[in-house]
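Remarks on the structure that follows.
The values are calculated or read from the model by the stated rules, or taken from the named source; none is laboratory data. Remember, predicted model here, so these are calculated numbers, not experimental data. Every residue, glycine among them, receives a Cβ derived from its backbone with ideal geometry; neighbour counts consider all protein chains shown. SASA here: full protein model, heavy atoms, side chains in, ligands and nucleic acids out. Shrake-Rupley method; radii C 1.70, N 1.55, O 1.52, S 1.80 Å.
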Amino acid sequence: KNQVEQSPQSLIILEGKNCTLQCNYTVSPFSNLRWYKQDTGRGPVSLTIMTFSENTKSNGRYTATLDADTKQSSLHITASQLSDSASYICVVSAPGGGNKLTFGTGTQLKVEL
Amino acid sequence: DVKVTQSSRYLVKRTGEKVFLECVQDMDHENMFWYRQDPGLGLRLIYFSYDVKMKEKGDIPEGYSVSREKKERFSLILESASTNQTSMYLCASSLHASDRVSILRNYEQYFGPGTRLTVT
């Protein structure tokens with residue numbers, strides 16, 4: 001069964017600090033991996049999308065890495081801000097037009113003063 | 001900017017009521033999706049549609065139906081709401097990838113703000 005597992009489940013950090021979120025997946029065959037940010041009470045918003053041939057993708061202070069051999073990805077947040085407080089969801093796609101997505105359960109990040 | 005809107009942010013219904021959740025997108029996307037999101041379970045696909053009047057079951061279609069009469073609008077219907085359908089419902093849309101390069105890129109899904117449905 002295709003699965004996406006994220007760790008940690010939740011994380012609290014101080015404003016200005018860096019953090020790294022992990023994602024392990026068993027989806028096969030694999031097409032691409034996405035990281036979404038979901039603010040409380042809102043829909044997810046895409047941060048990065050990486051195909052199997054890419055191993056890093058940045059979006060401002062967010063940098064995602066992908067190791068397709070070990071089926072692992074990480075999302076690194078630099079110089080965190082209070083507005084980074086959200087759930088971060090890892091999503092893995094199988095080939096076929098983008099319809100077959102497997103979602104992780106998310107890492108809940110809280111950034112404090 | 002892609003905009004996906006959902007008819008209600010919060011909805012409270014009684015057991016047995018028929019419930020309609022509406023989703024509208026303004027980017028001429030072919031694909032539209034309905035998910036539910038529950039704590040500890042992640043998003044689960046209920047139904048999706050790749051064209052007007054076309055629909056396919058997702059992973060958890062039981063107790064739901066959908067309607068796509070116009071390209072921009074995708075409705076989720078709970079024929080007889082039950083308490084286990086209390087959840088956050090998210091609509092999404094995406095372009096249809098027909099060429100190999102696009103399929104590899106897997107067009108991004110854009111999500112609406114969600115409807116938090118409570119069935120009492």
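What to note about this one:
- When we screen A:Tyr36, A:Tyr88 for residues that are part of a strand (DSSP E or B), touching a Pro at 6+ places or on another chain (Cβ under 7 Å) and open to solvent by less than 40 Å² (accessible area, probe 1.4 Å), the only hit is A:Tyr36.
- Test result for A:Lys110, within 12 Å of chain B (Cβ to nearest Cβ) and either surrounded by fewer than 20 Cβ atoms within 10 Å (Cβ to Cβ) or in a strand (DSSP E or B) (or both): no
- Residue check, B:Arg9 facing chain A (nearest Cβ under 9 Å) and farther than 15 Å from B:Leu117 by Cα: no
- Residue in the stretch B:61-83 that is within 12 Å of chain A (Cβ to nearest Cβ) and part of a loop (DSSP other than H, G, I, E, B) present: no
- Search result, residues across the stretch A:60-77 that are under 28 Å from B:Val4 (Cα atoms) and open to solvent by 70 Å² or more (accessible area, probe 1.4 Å): A:Gly60
- For B:Gly42, the criteria (1) open to solvent by 10 Å² or more (accessible area, probe 1.4 Å); (2) touching a Ser or Thr at 6+ places or on another chain (Cβ under 9 Å) hold in every case but one, which is (1).
- Residue tally, condition part of a strand (DSSP E or B) and open to solvent by 20 Å² or more (accessible area, probe 1.4 Å), over the stretch B:24-35: 1
- Positions within the stretch A:63-97 being within 14 Å of chain B (Cβ to nearest Cβ) and in contact (Cβ under 8 Å) with a residue 60 or more places away in the chain, in sequence order: A:Tyr88, A:Ile89, A:Cys90, A:Val91, A:Val92, A:Ser93, A:Ala94, A:Pro95, A:Gly96
- Condition check for A:Lys57: open to solvent by 20 Å² or more (accessible area, probe 1.4 Å), within 14 Å of chain B (Cβ to nearest Cβ) and without any contact (Cβ under 8 Å) to a residue 40 or more places away in the chain: yes
- The set of residues in the stretch A:1-33 that are of a type in the set (A, V, I, L, M, F, W, C) and part of a strand (DSSP E or B) comprises A:Val4, A:Leu11, A:Ile12, A:Ile13, A:Leu14, A:Cys19, A:Leu21, A:Cys23, A:Leu33.
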